[in-house]
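Derivation of every value follows stated rules applied to the coordinates shown; laboratory data play no part. What you are looking at is a predicted structure, and each value in this text was computed from that prediction instead of being measured. All Cβ positions, even for glycine, are placed from backbone atoms using ideal geometry, and neighbour counts span all protein chains on display.
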Amino acid sequence: MAPISAVRSHRWRMHILLVYPEFPDTFWSFKYALRFIRKQASSPPLGLITVAAMLPRTWERRLVDLNVRDLTEQDLAWADLAFVSAMQVQLDSARRVVARCKQAGVRVVAGGPLFTCEPERLEGVDHYVLNEAELTLPPFLADLERGVAKPVYSSSEFADLSNTPVPEWKLLDLNRYASMSLQYSRGCPYSCDFCNVTVLFGHRPRGKSAEQIVAELESLYAAGWRGSVFFVDDNFIGNRKELKAEILPALIAWRQGRKDLPFNTEVTINLADDEDLLDQMVRAGFDSVFVGIETPDEKGLAECHKLQNRGRDLVESVRRIQRRGLRVQAGFIVGFDSDTPSIFQRQIEFIQKTGIVTAMVGLLQAPYGTQLYQRLHREGRLRGPLSGDNVDGWTNIIPKMELSALREGYKRILTEIYSPKQFYERVRTFLREYRLPQARVPFELEYLLAFARSIYQLGIRGAERVQYWKLFFWALLRRPRLFPLAITLSIYGFHFRKVSELHVQ
């Protein structure tokens, strides 16, 4: 296998079109919230701009992120190859992209989670470069140059991330994105049976060095970025020893004298147990974390092997994290075999009590290759494909609860937690607990305009106008330093309600 450095030395020239399919209107698209700040997408296609940095230096590259601009006939006429990467939720758009490429006579190279998990679901792809590109891209490029490229390149091994280059930020129009993305590690030590992270990346967390992370931040900073940065790790604290000894100290040192570039990431709830880790993350500039809580029911946690959540006061764990200056966003699931009709009200009460403003609630789904998928396959309880959208009301499993009752209960959760009264009450609950973080997004004129738009859209035109003004004056008088965050969360609520309305009709 040729190392990436060897591939870069090739003098063969090609035009590579990197295409990222469009996201539908989902919970995490933030489509309706982004309109307030005149942004087109919440984050960039990190995988594609990282792959771009692995290509031979003599090749020309062009990125088309369909979330920020259209794919044109000129793009297709220019391209020799189209590299397409996507997640499950982008399947429909990916199909359209591949069809257009084939119609234009452009060969398609596909990779990323969608194609790695279920490559047989997409016709028209010429070459699948699956699993981790650090391992499978070099042999593909070598074979391509010799004219003997195979249909599929895959690997059962896991990559050494010290070989991962700095993403090519220059391919992006930074002004179109609300945040940027970095990756420190891959893999997770836990065994949640519905999660395909360990299927894709294994149980042993593998990370980049502190020097690599700082180099990526420096390059992003040099490119002019001053907004938030999302560490896309599925479990940022999977390797606590290395994180506390090397990565976080390096981030703390890098942040000296900087108040911009706030960080956020995904963690497990047991972060709440480690005071030192909490302190380091806040000093490093993290201001929010996404946590997979899933369910307040112990039977449900045992069923899905969510051992790190069991036997603890989940409400107090959430509050402990929020009091240290980390806003908790969380994922919740209904549809476990152990769920009874009472689970819907229990989920609502838990979300309200904890003040988790961003609460993503979905029906249980079984991704291909997971322990859950294997069990349900044996039991004959799989139905149709996975949608990849956690809030579309679809499940690819046959639940123990009557499906109609499950869907009605699920819709009830969304309707209640994102109704104006419940949502704004939750924002106040959160703001009472939260401590202002060190890092902040720098002031821009666009944010002042977003504030004005919120007054018009939410305070004058919106169905939530009474609740908006209650929060407006409450925050201004009781939590003035958190007033900008209160307005931001109000805008988030508008997006969540719009998306929820699409799924409860």
q = 0.06, 0.10 Å⁻¹, the chain: log10 I(q)/I(0) [Debye, one scatterer per Cα]
-0.28, -0.81
Taking placed amide H atoms and a strict 5 Å upper bound, the residues 5 or more places from Ser288 or on another chain that come that close are Thr265, Arg327
Provide the per-residue ³J(HN,Hα) series for region 255-264, in order, calculated from phi with Karplus coefficients 6.51, -1.76, 1.60 and θ = phi - 60°, each as a whole number of Hz, with x at glycine and proline positions.
6, 3, x, 10, 10, 9, 6, x, 9, 8
Mean Cα-pair separation over length for the chain, i.e. relative contact order, pairs under 8 Å, 6 or more apart, %:
14
Any aspartates and glutamates with Cα under 14 Å of the Lys170 Cα? List them, leaving off those in the same chain fewer than 8 positions away.
Glu60, Asp65, Glu216, Glu218
Based only on Cα atoms, what mean projected area does the convex hull of region 280-339 have, in nm²?
4.2
Pairs Lys353/Lys470; Lys208/Lys244; Lys259/Lys353: which are spaced more than 21 Å apart, C-alpha to C-alpha?
Lys259/Lys353
Both in Å, the radius of gyration and Dmax of the C-alpha trace of region 85-216 are 16.3, 45
Sorted largest first, the C-alpha extents of region 34-110 along its principal axes in whole angstrom are 38, 28, 25
Scattering profile of region 210-260 at q = 0.31, 0.32 Å⁻¹ [log10 I(q)/I(0), Debye over alpha-carbon scatterers]
-1.34, -1.34
In a shell of Cβ-Cβ distance under 14 Å around Lys421, excluding Lys421 itself, what net charge do Lys and Arg (+1) and Asp and Glu (-1) give?
+2
Sequence-distant residues sharing a close amide H with Val152 (under 5 Å, placed H):
Tyr128
If the viscosity is 1.567 mPa s and the temperature 4 °C, what Stokes-Einstein diffusion coefficient in µm²/s follows for region 4-153 when Rh is the Kirkwood radius over Cα pairs?
82
Ratio of Rg to Rh over region 446-505 (Cα coordinates, Kirkwood Rh, two decimals):
1.00
Rg and Dmax of region 174-307 over Cα atoms: what are they, in angstrom?
15.6, 50
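With the contact rule set at Cα under 8 Å and sequence spacing of 6 or more, what percent relative contact order holds for region 178-433? Before the final figure, lay out the partial values.
Details: 426 pairs, mean separation 43.8, N = 256.
Averaging sequence separation for qualifying contacts and normalising by length gives 17 percent for region 178-433.
Kindly provide the helix-only [θ] at 222 nm of the chain, computed as the sum of -39,500 (n - 2.57) over DSSP H runs of four or more divided by all residues, to the nearest 500 deg cm²/dmol? Don't skip to the answer; put the middle values down first.
On the way: 20 runs with 202 residues, N = 505.
It comes out at -12000 deg cm²/dmol, rounded to the nearest 500.
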Where both residues lie in the chain, what percent of DSSP beta bridges are antiparallel, nearest 5?
5
Selection of GluC sites (Glu not before Pro), region 138-203, meeting DSSP coil and at most 14 other Cβ within 10 Å:
Glu157
Which aspartates and glutamates, if any, have their Cα less than 13 Å from the Cα of Lys299, not counting same-chain residues under 8 positions apart?
Asp337, Asp339
Quick one: 3J(HN,Hα) in Hz for region 412-426, Karplus 6.51/-1.76/1.60 with θ = phi - 60°, rounded, Gly and Pro as x.
5, 4, 4, 4, 6, 6, 10, 5, x, 4, 5, 5, 5, 4, 5
Between Val148 and Arg204, with labels modelled 7 Å along Cα→Cβ, what's the label distance in nm to one decimal, could you check?
3.2
In whole Hz and in residue order, list the ³J(HN,Hα) couplings for region 163-169 that follow from phi through the Karplus curve 6.51 cos²θ - 1.76 cosθ + 1.60, θ = phi - 60°; x for Gly and Pro.
8, 7, x, 5, x, 8, 4
Residues meeting the amide H criterion for Arg204 (H placed from the backbone, H to H distance under 5 Å, 5 or more places apart or on another chain) are Cys188
Would you mind calculating the relative contact order of region 360-424 from Cα pairs under 8 angstrom and at least 6 residues apart, reporting the percent as a whole number?
34
Please list log₁₀ I(q)/I(0) at q = 0.15 Å⁻¹ for region 178-433, using the Debye equation with identical point scatterers on the alpha-carbon positions.
-1.13
